[in-house]
1. Would you pick out the residues in the stretch 23-51 that are more than 17 Å from the chain's Cα centre (by Cα) and not aliphatic (A, V, I, L, M)?
2. Taking the stretch 118-140 as the search range and keeping residues that are of a type in the set (D, E, K, R) and farther than 28 Å from K219 by Cβ, which one is modelled with the highest pLDDT?
3. Taking the stretch 94-111, which residues are within 23 Å of I184 (Cβ to Cβ) and touching a Phe, Trp or Tyr at 6+ places or on another chain (Cβ under 9 Å)?
4. Look at the stretch 62-94 and say how many of its residues are open to solvent by 50 Å² or more (accessible area, probe 1.4 Å) and in a loop (DSSP other than H, G, I, E, B).
5. Within the stretch 56-77, is there a residue that is among the acidic types (D, E) and under 27 Å from M223 (Cβ atoms)?
6. Residues in the stretch 54-61: is at least one of a type outside the set (S, T, N, Q), farther than 18 Å from W123 by Cα, open to solvent by 80 Å² or more (accessible area, probe 1.4 Å) and touching a residue at least 12 places away in the same chain (Cβ under 8 Å)?
7. Has the stretch 8-22 got any residue that is closer than 24 Å to R102 by Cβ, crowded, with 16+ Cβ neighbours inside 10 Å and within 19 Å of the chain's Cα centre (by Cα)?
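The values are calculated or read from the model by the stated rules, or taken from the named source; none is laboratory data. Keep in mind it's a predicted model, so treat the numbers as computed, not measured. Cβ sites come from the backbone with ideal geometry, for glycine too, and all protein chains shown count toward neighbours. Note: areas computed on protein heavy atoms with side chains; ligands, DNA, RNA excluded. Shrake-Rupley method; radii C 1.70, N 1.55, O 1.52, S 1.80 Å.
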Amino acid sequence: MELISEAAVHFSRLSMFPYFDGAHYLVSVMSAREQAGAIDVASRSPVACWFSAMLCCFGGGILSSLLLAEPPAAILSNSTNIIYATIVWYMVYYSPLDMLYRCFSFLPLRVIAAAMKEVTRTWKILAGVTQAQSRFKDALLVMVANGWAKAAGGGLISNFEQLVRGVWKPESNELLKMSYPVKISLVGSILFTLQQIEVLPIERPHLMLIFTMFLIITKVRMMLTRSSASPFQPAEEFIGHLLFGLQQAPKVTKEKVTANEKEEPKMKENPSKEEDGESSSAPGESTRKRNTKKSD
């Protein structure tokens, strides 16, 4: 136990700059580049491409500033991080022979970079929770919201980032259909808020180590298996069915639709049969008339 405690303490003192922050910038910019139309925007308007990449890299800080009524432009005051992210953006999009992107498209290297990015997620959640507590004492909802925004801001403002690239997809709103990073950031923000107000009986370094290990293991498994299914999906389906009955309405609708589809062909078949009956009866009447004429 002492070794685990020491490891947790040392882990909690890790510095995110430059290696972990660099991994965060790299994975964020590569994900932005892989969006539809991103290469075309990069060739037509490098300024829009750069602005879109900065929103992906610093979206959490911008959204957190808006929640706490602070100037969003304050993120630009850290010129070192801005220059660092700009260099990563330029190398991902415009490096000779596309070397950097091709290099980190190799799965083992991309897995390592993604795992390092997940480490920064824990630090961002904790920073958002403590920042909100210093401004609003014991305001649980503000602490949870700010920690969530700090860690998942890039996903929560994805519609605005898409709009910068000339794409408008309101149906892709993260609040309508949350992705795994947004969900896990919300769960982490709740856990760190409960720990901050001493409701969750665990020390902060231990929670940071356990939560980060869960993030890394889950992310690596999803990448290696190429699965996008959330590990929370069974619990979500159970809670949704138990509290809101989300699975009942679609079934009734589908049954009605299939019943209507079965009735429509029958309605279409009946007129054809009647027409056939009329056409078949016509020759019968003509033969009767001929017979009567002969008898006369």
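1. Within the stretch 23-51, Y25, G37, D40, S43, R44, S45, P46, C49, W50, F51 meet the criteria.
2. Among residues in the stretch 118-140 that are of a type in the set (D, E, K, R) and farther than 28 Å from K219 by Cβ, the one modelled with the highest pLDDT is R135.
3. Within the stretch 94-111, R110 is the sole residue that qualifies.
4. 4
5. Taking every residue of the stretch 56-77 in turn, none turns out to be among the acidic types (D, E) and under 27 Å from M223 (Cβ atoms).
6. Taking every residue of the stretch 54-61 in turn, none turns out to be of a type outside the set (S, T, N, Q), farther than 18 Å from W123 by Cα, open to solvent by 80 Å² or more (accessible area, probe 1.4 Å) and touching a residue at least 12 places away in the same chain (Cβ under 8 Å).
7. No.
Let's see how each residue does on (1) surrounded by 18 or more Cβ atoms within 10 Å (Cβ to Cβ); (2) more than 24 Å from P18 (Cβ to Cβ); (3) without any contact (Cβ under 8 Å) to a residue 40 or more places away in the chain:
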{"site": "I125", "(1), (2), (3)": "yes, no, no"}
{"site": "M143", "(1), (2), (3)": "yes, yes, no"}
{"site": "A152", "(1), (2), (3)": "yes, no, no"}
{"site": "L156", "(1), (2), (3)": "yes, yes, no"}
{"site": "F160", "(1), (2), (3)": "no, yes, no"}
{"site": "V182", "(1), (2), (3)": "yes, yes, yes"}
{"site": "I197", "(1), (2), (3)": "no, yes, no"}
